[in-house]
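Visitor: A single structure is presented below for examination.
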Amino acid sequence: MDTGASSFETSEMLGTFLASTTLLKEAWRVCGTANAMGRGAFAAEQVGGVGHVAFSGVQEMPVLGWDPNYGMLVPLDVAGHGLFEPLKCRYDGEEPVMVHSGVLHLFLQYHSRPDFQSQIDSLLENTKSIVITGHSIGGSIAFLTALRLLSKLKSIFPPISVLCIGFGSPFLGNKSLSQAILQERWGGSFCNIVSTHDIMPRLSLDQSLVPTPQWQVLVRFWYTYMMAPNSMNFANLQLTEEDKAWLFSFVVANMERLVQAGEGEAGRSFWPFGNYLFCSDEGAICLDNVVSINKMMHLMLQTGSPNCIIEEHLKYGWYVERVTHQSLKRSFMEGDLSESSYEASLSLALNSSGTYRQVLIAPMAKDCLKMTRPMGRAPNLNAADLAIRLSKITPYRAEIEWYKACCDKSEEQRGYYDSFKHRGASRTGSHVNMNRYKLAAFWDKVIRMMDGKELPHDLHRRSKWVNAAQSYMLLVEPLDIAEYYRSGMHLKKGHYISNGRERRYEIFDQWWIERVVTEKLSNRRTRYAGLTQDACFWSRVEEAKEWLDNIRSQSDPRHLAFLWDRLDKFETYAIKLVEGKEVSADVVAKNSSFRLWLGEWRISKSQIYSLISIDCTSKGIEECTIDMGSSSPASRQGAVPFGSGSSASMAMEEPPPRDLENRHLHGHRTWWRG
C-alpha cells in the first residue's frame, strides 16, 4: 500500500464526520421546521450543547439585484458596519470579495431583526457550538450568517465552533470570496449538500433565469411543497416537457461556462467555496477542491435527464437518511480493490458518486477526482523542512538582536527604533536591513504554504511556531515601521497600521492572541521587556507626533477637541505600558522619539492649562473648570481602546458633537493664535 496522507484528507474527514453523526439529520430536521414556517422565516433551537439556526428555503421572489446600481455580484463591503471585516480588501489591485446582491439583501433583512439578534445572542451565550443551516436559498443566507459569526468571533476565546450546512444552495460569491475563506482557514466550516441532479446548487440565479415563466412556475411549486410536503402532488406542476428540457439545458450550459472559465474571468463569476458533499443512490463523496467541485457537478448532472430536476431539489431528507445508513456500507465495483491506497480511494469515490456505470462519464469523473490529490509532499514533511530552514535563519535574527543591543547602549541614547530610522549609509545598517528582507521572505513563504494547505492545519497552534512568529514580529516590525516612515511612505499611502502593515503580522497577532487567552499567560514583569510587547507601538508614536503638530496649527475647535482626546488617550496607553514594563528600554531612552514627544506634549498641556487660568481670571470668572483628560465626555464616547500587543488601528474617528467644543475648548482659537 502507498504511504502518505489520504488523497482526500480534509474533505474526507468532514464527509465521514457528517455521515457518522446525527448532525446532518438534526440540521435537516430544523430546516424542515423553518420551511414549514413559510416565507422569510427562521428557526432556532438548542439540542444539548449545540445551537441550531435554520433559514427557510421559501424566500421573497424574485431574488434579483436589490440595488439597480449594482450587478448580480456586489462587493461584500456594501453591507457596511464592519460586518465582514476579515474579508475586506487589504491591498491595491486586489479583486474585491463579492456576493449575490439579492442574497446579501435577504441576509441584511434578517440581521436587522431584533428577534433574530436575540436568538443568536442567546445561543452564543449558552452553547459552545452553533450549526447554521438552510435549504435552497435559505442555505445561501446561512452561508452569509456563518461568515458574519466567524468574523465576529474571530477574536473571542475560548472559541465557539461554527459549522454551516446548506442543502441544495445556489452559488453565493466570486473566486475572491473562496480565496478569502481559505486565507482565514474557515473552509472546513462550510459544507453544501448537493444531490446528483439538483439544478439549484448549480445556478447563480441571474437575470437571464429568474424572470422566466418556467423558473417562476418551478419555484412556486418548490415553495408550496416545502411548506406543506404532504399536501402536494407532482402532477399539479404546470411545466411542459419542453419547459423541463429548457431548464435542464440552461443549467448544463451554465455549468459548462463555469468549468471553462479561465483564471482571468473567475473574479467576476460565481465560484464555490468550502466543502461539497455529493449524494447519489450509491453513497456520497466530499470534495474541497473548487475546480474539481465544478467539474463534478457538471459531470453528475449529465447522468440525469430533464425529468429529474423537479424532485431532486426536494429529496434531501431521503439522501440524509441514506448517507447515514451507508456510512459503513459500501458496494464495490467488479474486481478486487487495488493494492495502492490511492487507486483504492479513487475507486471508492467513483463508486459513491454514482458515475462509475456511465461509460462516457466515468473516465472524466476519475480524472476530476485525481485533481483533488494533494501535489507535492505531505504537510508534516513540509513542516519538518520549514523547521530546518527556521534554524538556518537564526543567524539573521541574532545579528539584528546584536544591533538592537548596540543601539540601546549607544551614547546617543536614541534607542533601537530611532537609530535605524535615522541611520546613515553604514555597512551595519545596510546589513541589518538585508537581514530584515531575508526574514520577511521566510515568513511570507510560511503564510503562502498555509494558504495553499501545504502545512498541517494546526501549525498556528503549535507553540514552537507561535513563539517563533511572535519573537520575529516584536523584533523586526519596529524596523519595518522605521523604514516605512524613513522612506516617506506614510505621506503617499497613509499611516502604517491601516495602510502599510504586512498581512503576516496581522496573522501572527492572531496566533499570539489565541495562545495568550487559551494558556492564560502571565504578563507581570519586574524589569523592562527585551522587546516592546506592542509591535505597532512606534507607529502609534508617529501618529501621535502628527496629531501634536496638527493641534498647534489647528483653529477648528471641534477638531482640536478630537485631537486632544486622541493625544490624551495615547499618553494614558503608553504610560500604562511603561509602568507595566511592557516596553523595551529603547522606548524610554533619553532621546527616543517617544520621550521627546511625551515632553513636548506635556509642555503643551501645561501651557494650555495656564492660558485657561489666565483667561478665566481676566474675565472675572471665580471658578473655571475644563477637563480635557480621559474623564471628559469626549473620552468616554467612542474611545478606541488600546491593549498590549494589540494591532488595533488608531485611525481618526468622527469629531465629537458640537456641544463638546463649547464645553471643553471655548476660546482655544484665540489662545493658539497668540
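Visitor: So K295 fits all but one of (1) of a type outside the set (G, A, S); (2) open to solvent by less than 40 Å² (accessible area, probe 1.4 Å); (3) not in a loop (DSSP other than H, G, I, E, B); what number is the exception?
Guide: (2)
Visitor: Any chance you could count how many residues in segment 277-292 are over 16 Å from Y316 (Cα atoms) and open to solvent by less than 10 Å² (accessible area, probe 1.4 Å)?
Guide: 2
Visitor: Among (1) outside any helix (DSSP H, G or I); (2) open to solvent by less than 30 Å² (accessible area, probe 1.4 Å); (3) closer than 19 Å to C407 by Cβ, where does E582 come up short?
Guide: Going through the list (1) outside any helix (DSSP H, G or I); (2) open to solvent by less than 30 Å² (accessible area, probe 1.4 Å); (3) closer than 19 Å to C407 by Cβ, E582 breaks only (3).
Visitor: Failed condition for R268, given (1) farther than 23 Å from S101 by Cα; (2) modelled with pLDDT under 85; (3) of a type in the set (D, E, K, R), with all others met?
Guide: Failed condition: (1).
Visitor: Could you give every pair whose Cβ atoms fall below 7 Å, whose first residue belongs to segment 438-453 and is within 28 Å of D288 (Cα to Cα), and whose second residue is aliphatic (A, V, I, L, M) and outside any helix (DSSP H, G or I), counting only separations of at least 6 or pairs across chains?
Guide: Going by the 7 Å Cβ cut-off, the qualifying pairs are F442/I393; M449/L455.
Visitor: Just give me the residues in segment 204-227 being open to solvent by less than 40 Å² (accessible area, probe 1.4 Å) and among the hydrophobic types (A, V, I, L, M, F, W, C), in sequence order.
Guide: Those that are open to solvent by less than 40 Å² (accessible area, probe 1.4 Å) and among the hydrophobic types (A, V, I, L, M, F, W, C): L205, L209, V210, W215, L218, V219, F221, W222, M226.
Visitor: Among the residues in segment 215-230, are any more than 20 Å from E60 (Cα to Cα) and free of Cβ contacts under 8 Å to residues at least 12 places away in the same chain?
Guide: Step one: filter segment 215-230 for residues more than 20 Å from E60 (Cα to Cα), giving 230.
This time we only want the ones that are free of Cβ contacts under 8 Å to residues at least 12 places away in the same chain, so: 230.
Looking for residues that are more than 20 Å from E60 (Cα to Cα) and free of Cβ contacts under 8 Å to residues at least 12 places away in the same chain, one finds at least one in segment 215-230, hence yes.
Visitor: To continue, here is another question. Restricting segment 192-239 to residues that are small (G, A, S) and modelled with pLDDT of 85 or more, which is nearest to V252 (Cα to Cα)? Explain how you work it out, then say what you get.
Guide: Applying the first criterion (small (G, A, S)) to segment 192-239 yields 195, 204, 208, 228, 231, 235.
From what's left, modelled with pLDDT of 85 or more: 195, 228.
On the way: S195: 15, A228: 30 Å.
Only one residue tops the list, namely S195.
Visitor: Still on this structure, I have one more. Quick check on Q216: is it of a type outside the set (F, W, Y), assigned to a helix (DSSP H, G or I) and over 22 Å from C164 (Cβ atoms)? I'd like the intermediate steps shown before the answer.
Guide: Values: of a type outside the set (F, W, Y): yes; assigned to a helix (DSSP H, G or I): yes; over 22 Å from C164 (Cβ atoms): yes.
Answer is yes for this residue.
Visitor: Another question, if that's okay. State all residues of segment 154-174 that are at pLDDT 90 or above and of a type outside the set (S, T, N, Q); if no residue qualifies, say none.
Guide: V162, L163, C164, I165, G166, F167, G168, P170, F171, L172, G173
Visitor: What single numbered condition from (1) out of contact with any strand residue (DSSP E or B) (no Cβ under 8 Å at 6 or more places or on another chain); (2) open to solvent by less than 20 Å² (accessible area, probe 1.4 Å) fails to hold for W246?
Guide: The number of the failed condition is (2).
Yes/no per residue for (1) farther than 21 Å from W271 by Cβ; (2) more than 15 Å from the chain's Cα centre (by Cα); (3) among the aromatic types (F, W, Y):
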site	(1), (2), (3)
L147	no, no, no
G168	no, yes, no
Q179	no, no, no
G187	no, no, no
N192	no, yes, no
P201	no, yes, no
N230	yes, yes, no
D243	yes, yes, no
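Visitor: Something else about it: Restricting attention to segment 442-469, and to residues there that are over 27 Å from Q533 (Cβ atoms) and part of a helix (DSSP H, G or I), which single residue is modelled with the lowest pLDDT?
Guide: The residue in question is D451.
Visitor: Something else about it: Residue check, E546 against (1) in contact with a helix residue (DSSP H, G or I) (Cβ under 9 Å, 6 or more places away or on another chain); (2) surrounded by fewer than 18 Cβ atoms within 10 Å (Cβ to Cβ); (3) modelled with pLDDT under 85, all met but one. Which one?
Guide: (3) is the only condition that E546 fails.
Visitor: Another question, if that's okay. Could you look through segment 117-142, keep only residues that are charged (D, E, K, R) and assigned to a helix (DSSP H, G or I), and pick out the one that is most open to solvent (accessible area, probe 1.4 Å)?
Guide: It comes out as E125.
Visitor: From the residues in segment 423-441 that are of a type outside the set (A, V, I, L, M, F, W, C) and outside any helix (DSSP H, G or I), which one is surrounded by the most Cβ atoms within 10 Å (Cβ to Cβ)?
Guide: The residue in question is R423.
Visitor: I want to confirm something. Restricting to segment 476-501 and keeping residues that are among the hydroxyl-bearing types (S, T, Y) and either at pLDDT 95 or above or buried (at least 16 other Cβ atoms within 10 Å of the Cβ) (or both), which single residue is nearest to C89 (Cα to Cα)?
Guide: Y496
Visitor: Please indicate, with yes or no, whether at least one residue in segment 397-414 is part of a loop (DSSP other than H, G, I, E, B), among the hydroxyl-bearing types (S, T, Y) and at pLDDT below 95. Explain how you work it out, then say what you get.
Guide: Pass one, segment 397-414, residues part of a loop (DSSP other than H, G, I, E, B): 410-414.
Okay, now just the ones that are also among the hydroxyl-bearing types (S, T, Y), so 410.
From what is left, the residues that are at pLDDT below 95 are 410.
Yes; the residues of segment 397-414 include at least one that is part of a loop (DSSP other than H, G, I, E, B), among the hydroxyl-bearing types (S, T, Y) and at pLDDT below 95.
The values are calculated or read from the model by the stated rules, or taken from the named source; none is laboratory data. Just so you know, these numbers come straight off a predicted model, no measurement behind them. As a convention, Cβ positions derive from the backbone with ideal geometry for all residues, glycine included, and neighbour counts pool all protein chains shown. To get the accessible areas, we keep the full protein, side chains included, count just its heavy atoms, and leave off ligands, DNA and RNA. Shrake-Rupley method; radii C 1.70, N 1.55, O 1.52, S 1.80 Å.
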